[in-house]
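Structure first, then comments.
We did not get these values from a lab; they are worked out from the coordinates using the rules stated. These numbers come from a predicted model, not from an experiment. Here Cβ is always computed from backbone atoms with ideal geometry, including for glycine, and neighbour counts include all displayed protein chains.
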Amino acid sequence: MDEPRAAPADGVILYDKPAGITSHDVVAHVRRRFPRGTRVGHAGTLDPFATGLLLVLVGRGTRTQQYLMALPKSYETVARFGAVSSTGDPEGEIRETGRVPEGDLALPVGTIRQRPPSYSAVKIDGERAYVRARRGETVETQERKVTVHAFEEQWRDGARRAFAIRCSAGTYVRTLIGDLGDAYCETLRRTAIGAFAVADADPERVVPLVDALAFLPELRLEGDAARRAAHGAAVPAAGADPGALSTRLTDSDGLIAIAEPRTGEDGAALLKPVVGFR
């Protein structure tokens with residue numbers, strides 16, 4: 001007999017993904033818990049060999065994907081030196097070189113230019129790079145600017161060294177490690193996304209949107225302004241963080257929308273709802 005499915009929910013699940021399955025596998029597993037038709041997605045792919053925090057989005061939580069994906073990430077990785085991998089991880093073709101560095105390494109911190117690996121999910125002419133690479137095609141990915149906030153060595157043992165890395169969204173740890181020399185990521189674990197920590201992961205708990213979006217500045221509305229925002233109309237930005245690119249609009253009943261700054265015809269500062277939750 002099938003187990004009863006959970007009631008519809010809107011929010012984010014903090015999931016500790018094990019090695020050996022894809023992020024899509026996790027989404028499919030979570031989807032089976034909810035009534036048919038419930039939207040489920042995720043905010044940031046983890047490679048099959050990688051473990052750690054995956055933000056699974058449920059119901060109207062799927063509307064927040066772009067905001068959650070933009071959060072900085074934290075990782076722990078064990079790099080093996082003296083060999084290179086065609087994919088930058090243990091699943092690729094490994095070629096031994098024997099070149100193992102000695103002493104401290106120059107670990108890049110700050111804004112750098114990085115080229116995503118050929119075996120990555122970036123799209124080239126509408127197709128994932130890894131799909132082309134698996135067909136044997138030569139893949140040329142475009143360089144991008146990323147920010148490495150922290151890059152610290154934790155330990156070293158022979159040809160292996162462990163690192164803790166905190167970086168901007170869109171950073172490829174496999175590329176960071178490969179750029180250190182003849183090395184690849186033997187293990188990779190995502191420990192945090194913004195303020196979300198893998199230590200708090202619970203596949204059975206859906207974090208309400210009002211809590212999951214707490215990293216965005218809030219503007220509390222009342223009366224007519226709240227009603228207008230619920231219908232998608234722009235509202236005065238008085239009292240909002242003037243430097244914020246996105247703002248949570250709330251009222252006594254909770255979350256109304258995510259809004260972005262606009263300028264009215266009279267030059268007044270406004271906030272225009274772009275993602276609604278009512």
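The table below lists the values:
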read-out: Tail weight of P(r) past 32 Å, computed on alpha-carbon pairs of the chain, percent; value: 36 percent
read-out: For the chain, built as a Gaussian network whose Cα springs stay under 10 Å, the top-fluctuating residue of E102, E153, E93; value: E102
read-out: Cα-based Rg of segment 216-276 normalised by 2.2 N^0.38 Å, two decimals; value: 0.97
read-out: All-pairs alpha carbon distance profile, segment 182-251, 10 Å steps from 0, percent; value: 15, 34, 22, 19, 7, 3, 0
read-out: Farthest positive-ward along the chain dipole, Cα basis, beta-carbon charges - from V210, G243, G194; value: V210
read-out: Contact order normalised by residue count of the chain, Cα under 8 Å, 6+ apart, percent; value: 20 percent
read-out: Distance (nanometres) between label positions extended 7 Å along Cα→Cβ at H24 and A150; value: 3.5 nm
read-out: Computed [θ] at 222 nm, helices only, for the chain once each DSSP H run of length n ≥ 4 contributes -39500 (n - 2.57); value: -3000 deg cm²/dmol
